[in-house]
Structure formats: structure tokens, C-alpha cells
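One structure below.
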Amino acid sequence: MAKFQSLKDAVAENLNDGDIVAFEGFTHLIPHAAAHEAIRQDRKNLTLVRMTPDVVYDQMIGMGMVDKIIFSYAGNPGVGLLRRMRDAIENNWPKALEIEEHSHAAMANAYEAGAAGLPCAVFRGYKGAGLKDVNDNIREITCPFTGEKLAAVPSVRPDVTFIHAQKANKRGDILIEGIIGVQKEAVLAAKRAVVTVEEVVDDFEDVHVNACILPRWAVSSVCVVEGGAHPSYAHGYYVRDNAAYVEWDKIASDRTLFREWMQINVLDVDENIFVARINTLKGAA
Amino acid sequence: MDAPFTPDEMMTIAASRALGNDDICFVGIGAPSAACNVARLTHAPDITLIYESGTIGTAPDILPLSIGDGELCDTAVTTVSVPEMFRYWLQGGRVSVGFLGAAQLDKFGNINTTVIGDYNSPTIRLPGGGGAPEIASSCGEIFITMKQTLRGMVEAVDFFTSFGHGLGGSDRADLGISTKGPTLLITDLAVWRPDPTTKEFVVQSLHPGVTQDMVQATCGWVVRFADDLSVTEVPTALELKTLRDLKARTEAAHSGEAA
């Protein structure tokens, strides 16, 4: 059952060293504030899962918190490469990073299988693709009815999933709108789920009957963090801070610059900083 | 005298012409996105554009910076979850054309966006495939667009991110893939189509002002030119205006956000 609590308490209670953890978001609604709290609490030896690791995973990898990453596209969307992740893969800095790389179709299927309580996902994919030669978790299964050879990957079952959403109601139910990505599946696949929201409203009476809602008993913690997706965006609240993504490319290109930026913008502050970061981005989208 | 259009503009416009009003098109970010939207704003107003973020039938007024921009959702017929996107719509066989860009491409249309060098100790770690491996195998056919460079167009790709025609011939069918694969390549210099038998890309038309030497100088494999090699039709005034207006709107919107 969802309990309303501070982000600090939610991270402390739900994220442990060595956990398999997903901070999900598909360009939209990326839970930056939650990831920054995990960085401040200095969690270690994490296995990170995400379809599209971007800036926030680049930061966690650069801070040395990550042993392994399971992913399908590691880029800075619209900008280029992830320089901290590259430094870990190419130069073992700050330490070696194990990678388990998939396609989007495989990851989406793996999350869905996790939510469905299945041990693996079956789909038509990876035909002729090089990944199956370098990833032992990509295997083949034969359809018992038609004989068709299909791809199989293990389901994703995180210890804990973090997402950001627009709203909770007072009871703790969660509303996600716009590009919903794979967040619902990531929450339902996980043992525990922490949701940061822009705001809490009285009820969802004006919401469409088919809206994407996670009932309060499907999440562990709800934390109000206005602007908590920045520099990603929250549909209906604020737009994406494209300039911040461009700036990150420069910051991440240099180890010293990176450390300094993390000290000032993550370690020395708390989640209350996020509301100021969206000041000039509100209204549109 | 200045050319009335740039090679980039010619590439985008030539690519846009390949799309029809009835196409259901899975759009890659970057150059494919511009081409698909020029098609929608000129000769193919009813084309369905799909981005992998789950936006189906989107009609953005400005070009998105990423595949998940809010503009795509705001203007879409519907927005579905990412698992639904890949399972029902892509794997289900609903998409007629996949339009991809490439970091590295070979003459058989195999694409690499994963690593330069060895996978386990890469010289350059690229972002990876994202949706591309299954876009390449599940869409009815694949169009590719990229700027020509010796680094980008190579004899053999370092990694098979997305399978094109393998080593040519019937490689694709032999793997049990029933879709057509790459049927068109549009670069900043030329329009290419695969040889029906060998599946090697052959230059069908050179963009205006481009020579065979220019195409060969920026391509890492020995280029074949069609016997009936033609010249790509120059952009029309409407095509150019549509593309330039789209780019201007995009620039204005994104610089406004950054301010």
C-alpha cells in the first residue's frame, strides 16, 4: 500500500546496495530527482535496468555506483553519446562496467513478462542481429505448435523500480499521461515501486475512464517532487530542457568537470532544488 | 553562382519522395524524421508516421529532437505503451516502411550503430540499436538515409546491429526473414537500390551536379552504377519551401526553449 513520504525516506527504505533497480522513463517523465537521491545516499554495486539509459544513468555510472547495466539504447537523445558510460566501458573509469545489451523489443517484452509473472519473454526478433552472439541471455525457443524459431530473453524483475508521474490523488493512486513508455510494466515487474509526482490532487474524478492509473496498492511509496523529471519533461506541466541535455555533453566529456558538477548540483543540494529548475519551462507541452 | 539547394536538402527531399500517402512508416530520428515530415507536408498528407515512443499517426509542427518529444504525443492519433508499440504494431506486421539512419553501413544494407572495433573492447562505444534490430526485420521494407563518408559507408560493418541483406543473395530469406529488407538508400549524393539478385546497392540516379567520382570518393566499397544511370529530379519550389519552413520553425521553437 502506497505511503506518502519524503524522497529521502523512500530511497532509504526501498533501495539497497546490490539491488537490481530500474529508473524508467522513455524520454518523458524520467525520475531524475529520485536517482539524485540515490546518488546522495551513495548506494553501491547496483545493477541498473532501463531501455534508454541517458543522462541520469551516465551520472550514476560516473559516480561508481554501478556494477552492471541492462539496456537497449545508451545515448543522450538528440545530442549524441553517453561519455561517462563510454569511459567506463572503454577505460574502466571509475571502474569496470558489465553490460547486458538488448534491443528495445526485447526489453519491452522482458518488462511485460516480468509484470506478467513469467520467467521469460518470447518474441520474433534478433534475426540476423549481432547481439545474440555477444549476449548469452538471448536464446532461441521453438514454438510447440508451429515449429517457428523465436527469440527468448529472461524477464526483467527489478528489486525496485522508480518512476515519475504527473499526479497522485490523496489516496495514493497514480496517474501517468502522455508518452507512458514502459513505466506501468516496470512498476508491476518490480518487488517494490517508488513514484515521485508533480502534485497531489483530491481525486481523479475528471480523468478519462481508460486513463493509465496505477492503484495505490501496486506502489510502495509516493513522494511529491515538483519538477522531479527535469531535464526530462512532464506532459502538461513543463517542457524538456533541451539546453541541459546539450550542456551535459560538455560536462560529461571531462572527469574533473563531471565531479565538480555532481558536487555542486547533486551532492550539495536536495530534491527541493528541482522546482526552481523548471521555472522557465512551465506551461507549454 | 550558389546552388539553389544544398546536398542535405536534396537528400531529405529525395527521401521524402519515396513515401506514399498510404504508407505506415516507422520513423527513425534525425534525417529520416525530416524526410517523413516533408512527405506528410507535401504529397502524402495522409501518411501515418509512427515513432518508437508509442506515438501513432503523429503530425508534428516542428521536428522532434528526440523520439519522445511532447509534440509527437500532442499531435498523434493515439499514444500507446512501448511494449504495445513493439508487440502489436511492429511485430504484428502493421508497418509498411521502416525509415532508418546509420552510423555505419555496408553495400548490402547492414547497419551498425553499436560499436566501432571489437564488441568487448570497442574503440568507440556507440548508443546501440534501440528499436532498429526488429524494425529492420518486421517492417515490410526498409529505407535508409545517410550522408556519405568513408567512415560511414564501409566494405564490412564492425557489428550487425540491424540485418539488411547479410552477405547478399538469399541470405535474408535463408534466416527465415520474410520481409523485403533494405530496398532504397538515399544519400546526399545519390539514390541507390539493391541489385535484384546480389542485393548489392547500385546507384540509380545522381543528384544534380554530382559525378560518379564524387560518389566513389566518399564510399568505402567499389560502387556500381546502373546502366541507365539518371539524374535525380531537382527539388521543386514547394518541396524546398516546405523543408526550409519546417527547419526554421524547429530552430525557432528549440532556441526559444533554451533561452
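Condition check: over 28 Å from residue B:109 (Cα atoms) and either within 13 Å of chain B (Cβ to nearest Cβ) or not in a loop (DSSP other than H, G, I, E, B) (or both). Does residue A:84 satisfy that? For residue A:84, the condition - over 28 Å from residue B:109 (Cα atoms) and either within 13 Å of chain B (Cβ to nearest Cβ) or not in a loop (DSSP other than H, G, I, E, B) (or both) - is met. Answer yes or no as to whether residue B:86 is aromatic (Phe, Trp, Tyr), touching a residue at least 40 places away in the same chain (Cβ under 8 Å) and more than 27 Å from residue B:199 (Cα to Cα). Yes; evaluated as a whole, the condition is true for this residue. Being in contact (Cβ under 8 Å) with a residue 60 or more places away in the chain, more than 7 Å from chain A (Cβ to nearest Cβ) and more than 22 Å from residue A:105 (Cβ to Cβ) holds for only one residue in B:62, B:116, B:135, and it is B:62.
The test for being in contact (Cβ under 8 Å) with a residue 40 or more places away in the chain and either under 20 Å from residue A:60 (Cβ atoms) or within 20 Å of the chain's Cα centre (by Cα) (or both) does not hold for residue A:198.
If I filter the stretch A:183-196 for residues that are closer than 23 Å to residue B:76 by Cβ, at pLDDT 95 or above and among the β-branched types (Val, Ile, Thr), do I get at least one hit? Within the stretch A:183-196 (the criterion being closer than 23 Å to residue B:76 by Cβ, at pLDDT 95 or above and among the β-branched types (Val, Ile, Thr)), the answer is no, since none of the residues qualifies. Taken together, A:239, A:275 contain a single residue that is away from chain B (no Cβ under 14 Å) and not aromatic (Phe, Trp, Tyr), which is A:275.
The requirement of being in a loop (DSSP other than H, G, I, E, B), small (Gly, Ala, Ser) and either surrounded by fewer than 19 Cβ atoms within 10 Å (Cβ to Cβ) or more than 9 Å from every other protein chain (Cβ to nearest Cβ) (or both) is fulfilled nowhere in the stretch A:103-115; no residue meets it. Of all the listed residues (A:75, A:130), the sole one being closer than 21 Å to residue B:136 by Cβ, at pLDDT below 95 and within 8 Å of another protein chain (Cβ to nearest Cβ) is A:75.
The values are calculated or read from the model by the stated rules, or taken from the named source; none is laboratory data. Keep in mind that this is a model prediction, so the values were computed, not measured. A quick note on method: Cβ atoms are made from the backbone with ideal geometry, for glycine too, and the neighbour counts reach across all protein chains shown.
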